[in-house]
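Okay, so here's the structure we're looking at.
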Amino acid sequence: MIDNFITYCKDIVAKHPDLTDEVHDFFDLCMMEIEGGGSQPHEIELAMSDIDDLVTTKLKSARG
């Protein structure tokens with residue numbers, strides 16, 4: 001599951017390099033939550049949802 005999440009993050013960064021820092025922040029937060037005892041599937045789902053929202057917001061603002 002983490003391997004898929006890593007691939008997902010790499011794909012987002014490749015498509016949206018301007019969001020690299022934010023994607024890395026969500027990734028790091030997710031890993032810290034998992035290390036702190038959080039449910040891996042739940043934390044990954046939350047991070048992916050937040051990253052999706054970030055991309056959606058970027059695309060909406062680009063359309064004006």
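If R0 equals 25 Å, the separation of the Cβ atoms of E35 and R63 corresponds to a calculated FRET efficiency of about 0.05. Per-residue 3J(HN,Hα) values for the stretch 3-8, derived from phi via the Karplus relation 6.51 cos²θ - 1.76 cosθ + 1.60 with θ = phi - 60°, read 4, 5, 5, 4, 4, 4 Hz in sequence order (x marks Gly and Pro).
3J(HN,Hα) along the stretch 25-33: 4, 5, 4, 4, 4, 4, 5, 5, 5 Hz, from the Karplus curve 6.51 cos²θ - 1.76 cosθ + 1.60 with θ = phi - 60°, whole Hz, x for Gly and Pro. Length gained on full extension, K15 to D53: 12.2 nm, using 0.36 nm per residue less the C-alpha separation.
In percent, rounded to a whole number, the relative contact order of the chain is 32, using alpha-carbon pairs under 8 Å and six or more apart. Extending 7 Å from Cα along the Cβ direction at H24 and again at E45 yields two label points whose distance is 2.9 nm.
Where a number appears in this text, it was derived from the coordinates with a stated rule and is not lab data. Note that the structure is predicted; figures quoted are calculated from it, not measured. As a convention, Cβ positions derive from the backbone with ideal geometry for all residues, glycine included, and neighbour counts pool all protein chains shown.
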